[in-house]
Every structure is written in structure tokens, then in C-alpha cells.
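Below: one structure, written as C-alpha cells.
The values are calculated or read from the model by the stated rules, or taken from the named source; none is laboratory data. This one's a predicted model, so the numbers in the text were calculated from it and none came from an experiment. Ideal geometry is used to build each Cβ from the backbone, glycine not excepted, and the neighbour counts take in all protein chains shown.
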Amino acid sequence: MSELSPNAIVANLKAQGLRVTPQRYAVYTNLLGRRDHPTVEQLLADLNQGGPVSSQATVYNSLQALREVGLIREVLLEEGVSRYDANVSPHHHFRCRCCGCIEDIPWDAFGPLAKAALRPGLQPESYEVTVQGICDRCSSPNNPCDAG
């Protein structure tokens with residue numbers, strides 16, 4: 001993610017019509033500094049590292065507000081697990097089936113969607129590809145898991 005100054009972060013929030021609260025600022029700043037697509041629980045643990053400052057409900061509410069105005073996006077890469085990403089530009093994802101790490105894949109890594117191959121009557125509005133596999137750390141000889 002690009003590093004934004006505190007003033008730029010406040011300006012982004014205000015430009016989207018959001019009231020700048022300490023919790024919203026903290027959640028957005030945290031997401032801007034990450035590439036791991038955290039869950040709510042991971043965000044909450046990170047934000048409360050030095051002592052409890054945010055509740056789960058506050059983090060959920062902040063995420064919902066940020067998502068609704070397009071500053072972040074919700075990413076569903078595994079059933080029942082919502083993850084959050086401050087990279088809202090079009091891109092795909094790679095998910096390691098061994099360690100669970102998630103990495104962004106550039107949008108142009110795949111060709112355009114072959115709309116003509118879709119059943120007549122389907123009108124795609126958006127898409128993204130999730131590639132499942134084994135990352136280089138897990139496929140190394142001293143891997144932390146049994147990647148097979």
C-alpha cells in the first residue's frame with residue numbers, strides 16, 4: 001500500500017463524507033499499512049495491542065462505513081471468513097492452502113473475461129480470480145506445513 005500522511009488519511013475520510021472518529025481513523029490507517037487482508041479479529045487484536053481501545057462492534061461499524069464509501073473492500077476467499085483490503089483498485093488474489101497467506105495478483109495477470117463464452121442472458125458486472133495453491137515459503141524444503 002502507498003504510505004499516506006495522517007492529513008491525507010483524514011482528507012480521504014472527509015472526501016467520502018465520513019466523520020473522522022479516532023476508531024475509524026485507526027481502522028483505516030491499520031488497513032492501509034497491511035497487505036495480509038486481515039479478519040475483524042486480526043484487526044481488533046492489532047488495534048488493542050497496547051491495551052483495549054476498540055470493541056469488536058466498533059471495528060465492524062468502522063469497516064462497514066469505510067466499505068460503503070469505497071475506501072476498503074471486503075474480500076471473501078474462504079467460506080464464512082470476511083477479510084478486508086484497503087487496495088480498492090482491481091486485482092486478483094492468491095491464497096496458500098497450506099499457511100493461508102493471501103497475496104494480491106495484478107489485474108493484468110489474466111486476460112479479459114471471455115464474455116462470449118458465457119451462457120446467453122448472463123450480464124457480468126464484475127469479476128475477480130482467486131488462485132488457490134502453495135506459496136514459495138510452504139513449498140521450500142524446510143516448509144512449516146505438510147504441503148505434499
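Table for the structure above
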quantity: Search result, residues across region 67-87 that are in contact with a Phe, Trp or Tyr (Cβ under 9 Å, 6 or more places away or on another chain) and assigned to a loop (DSSP other than H, G, I, E, B); calculated: L71, I72, A86
quantity: Some residue of region 78-87 being without any contact (Cβ under 8 Å) to a residue 24 or more places away in the chain, surrounded by 12 or more Cβ atoms within 10 Å (Cβ to Cβ), polar (S, T, N, Q) and closer than 22 Å to V10 by Cα; calculated: no
quantity: Test: residue in region 36-50 that is hydrophobic (A, V, I, L, M, F, W, C) and without any contact (Cβ under 8 Å) to a residue 12 or more places away in the chain; calculated: yes
quantity: Qualifying residue in region 26-44 (condition: polar (S, T, N, Q), surrounded by 13 or more Cβ atoms within 10 Å (Cβ to Cβ) and in contact with an Asp or Glu (Cβ under 9 Å, 6 or more places away or on another chain)); calculated: yes
quantity: Criterion: among the hydroxyl-bearing types (S, T, Y), at pLDDT 90 or above and touching a helix residue (DSSP H, G or I) at 6+ places or on another chain (Cβ under 8 Å) - qualifying residue of T58, T39; calculated: T58
quantity: Count of region 120-143 residues which are among the β-branched types (V, I, T) and part of a loop (DSSP other than H, G, I, E, B); calculated: 2
quantity: Candidate set from region 45-66 (those that are small (G, A, S) and part of a helix (DSSP H, G or I)); member that is surrounded by the most Cβ atoms within 10 Å (Cβ to Cβ); calculated: S62
quantity: Residue under evaluation C96, criteria (1) touching a Pro at 6+ places or on another chain (Cβ under 9 Å); (2) within 30 Å of D136 (Cα to Cα), criterion not met; calculated: (1)
quantity: Subset of region 88-119 (residues that are free of Cβ contacts under 8 Å to residues at least 24 places away in the same chain and either part of a loop (DSSP other than H, G, I, E, B) or closer than 16 Å to Q42 by Cβ (or both)); calculated: V88, S89, G100, F110, G111, P112, L113, A114, L118, R119
quantity: Which listed residue is of a type outside the set (D, E, K, R) and under 15 Å from the mean Cα position of the chain (by Cα), from L47, L77; calculated: L77
quantity: Per-region count, region 9-24, residues in contact (Cβ under 8 Å) with a residue 40 or more places away in the chain, under 19 Å from V59 (Cβ atoms) and surrounded by fewer than 16 Cβ atoms within 10 Å (Cβ to Cβ); calculated: 2
quantity: Given (1) farther than 15 Å from T130 by Cβ; (2) out of contact with any Cys (no Cβ under 9 Å at 6 or more places or on another chain); (3) not aliphatic (A, V, I, L, M), index of the condition D36 fails; calculated: (2)
